[in-house]
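Here's the structure, in structure tokens; my notes come after.
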Amino acid sequence: MPVLRFPDGFLWGTASAAYQIEGSPLADGAGASIWHEFAHRSGTIAAGDNGDVACDHYRRYRQDVALMRELGLGAYRFSIAWPRLFPSGSGRVNAAGLAFYDRLVDALLEAGIAPMATLYHWDLPQALEEQGGWTCPDTADRFADYADGVFAALADRVRLWITFNEPCMFTWMGYAVGAHAPGRSEFAQALRAAHNVLRAHGYAVRRFRARRHAGTIGITLSVQAHVPANADDPDDVAAAARSRAFNNEWFVDPIVFGTYPAALRDQFGDLLPDIDEADRALFQTPVDFLGVNYYTRTIVHADPSGFFEARACRAIGQYTAMDWEVYPAGLWLVLKQFHERYGLPLYVTENGAGFEDETVGPHGRVEDVDRLRYLQSHLEMCHRAIADGVDLRGYLLWSLMDNFEWSFGFAKRFGIVRCDFQTQQRTPKLSALWYRRVIEENGI
Ligand code: GCO
């Protein structure tokens, strides 16, 4: 019997994303995405990896759904690749591309698994990028048309919708830093891109509401716990708050309050687009929940020369293969912060750990004890947050299987199921067997 039981109906699942697992990026009439283009540029991805095959999920999805069923998943969070449905970003729906998701949804439902669909997990049609991408206001309108097309085809069976995955990550890394697709380093343009993403989010939610679809819709944020290096130093405390505003609150404040966090206006000045009355109403189109992707914390020092007058520093602790500190209490902290600041139902839409997975047991199974301990300790914090009154409705573990970890390629493994990228063999790790038990018992 579990000591820490979760509420009846708590949703247990795993999360993934189209470009990271599907492969076959141009199959059946699909258009290129910015990640297909970016990954095929020399020097962008470790070891020259790309998503041409990945986990071959586009062809092996039935096998993967059967695996999910064996693990007893209650939900499966996946993303829909816009360029499969609209190869050039708009126009007529590519029926063959849509058919894949239609079949996937039916297979999930037949297996008793609730689909949770993310409309955008970073794979913008390359054709739209060539017209300006997210820095072009029209892209928000194209997104709304894409979302409408998806709702029309799948909203009769999909009841959980996420408009965007981690808008801060893909706008900042893609348009300011350049380390993600489309690989642009145009600071001010990143702020414009973010503004257009917020408009796109509002348009999609309005289309969803207008069609009176059953189900719920929200947005997923990359969220870190920002902890002052010295909690007794008001400068460190203020620096942590500024870092939190940029990383966690940039996109949610406009959706909930209709304003950007003050720290962004202070940092970016007039480069930050104004939110006029029309935008404010659009951004604030009500959502039903927020998705929280949590992996680690950031310890923050005040530093006048740093970005947002802050500097991150390291702690003594355990680090994953991504060099991210294992800090479970941070999940409890951010769930509490989001609950108290926004007052919306929450899902943990990603949580997990990349480890080297070197230990293989006598039966050939990866004995990923580090990952199991990571997951267990973070679930303990989810349970504590619920006990503290947080309306946490589910946990989607990142990830079902090892997959394409963006600029790291296939070198970083997050799966509870090992994927052999040469043979495409799936082998449940120790953590998968453990997670199956957690789901069976609805607790740890
Ligand atoms: C992200 C993405 C996932 C990553 C995962 C591990 O948060 O960056 O949503 O696609 O693969 O978070 O880094």
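The values are calculated or read from the model by the stated rules, or taken from the named source; none is laboratory data. Everything numeric here is computed off the predicted structure, so don't read it as measured data. Using ideal geometry, Cβ is built from the backbone for each residue, glycine included, and neighbour counts are taken over all protein chains shown. Areas reflect the complete protein model, heavy atoms only, side chains present, ligands, DNA and RNA absent. Shrake-Rupley method; radii C 1.70, N 1.55, O 1.52, S 1.80 Å.
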Of the candidates 210, 188, 329, which one comes out as most mobile in a Gaussian network treatment of the chain with C-alpha springs shorter than 10 Å? 210
In square angstrom, rounded to the nearest 10, how much accessible surface does residue 172 have for a 1.4 Å probe? 30
Of 262, 327, 20, which is farthest on the positive side of the dipole of the chain, counting Cα position, with +1 on Lys and Arg Cβ, -1 on Asp and Glu Cβ, and the Cα centre as origin? 20
Going from most exposed to least, what order do 24, 79, 305 have by accessible area with a 1.4 Å probe? 305, 24, 79
Centroid-to-centroid separation of the stretch 108-171 and the stretch 16-88 [C-alpha atoms, Å]: 14
Give me the percent relative contact order of the chain, please, defined on Cα pairs under 8 angstrom at least 6 residues apart. 18
Within the chain, the percent of DSSP beta bridges that are antiparallel, given to the nearest 5, stands at 25
One computes Rg over Rh for the stretch 20-136 from alpha-carbon atoms, with the Kirkwood Rh, and obtains 1.00
Hey, can you find the accessible area per residue of the chain for me, probe 1.4 Å, expressed in square angstrom? 37
Can you list residues whose amide H is under 5 Å from residue 118's amide H, if they're 5+ apart or on another chain and H is modeled 1.01 Å from N? 78, 79, 80, 162
In terms of solvent-accessible area of protein heavy atoms at a 1.4 angstrom probe, what is the ranking of 82, 434, highest value first? 434, 82
The stretch 4-85: radius of gyration over Cα atoms, expressed as a fraction of 2.2 N^0.38 Å: 1.34
³J(HN,Hα) across the stretch 425-436 via Karplus (A = 6.51, B = -1.76, C = 1.60, θ = phi - 60°), whole Hz, x for Gly/Pro? 6, 9, 10, x, 8, 4, 5, 5, 5, 5, 5, 4
Which order, highest average first, do 240-253, 41-54, 280-293 follow once you tally other Cβ atoms within 10 Å for each residue and take the mean per peptide? 240-253, 280-293, 41-54
For the stretch 382-444: span of alpha carbons on each principal axis (Å, largest first): 45, 27, 13
Note, residue 69: beta-carbon cut-off 14 Å, +1 each Lys/Arg, -1 each Asp/Glu, net -2
Using only the Cα atoms of the stretch 276-357, what do you get for the radius of gyration and for Dmax, in Å? 16.6, 51
Restricting to the stretch 202-317, compute how many DSSP beta bridges are antiparallel as a %, nearest 5. 30
Roll a 1.4 angstrom probe over the protein heavy atoms and tell me the percent of accessible area of the stretch 11-441 that is carbon or sulfur. 49
For the stretch 11-441, treating each Cα as an identical point scatterer without solvent, what Debye log10 I(q)/I(0) comes out at q = 0.10 1/Å? -0.66
Separation of alpha-carbon centers, the stretch 288-364 and the stretch 246-286, rounded to whole Å: 24
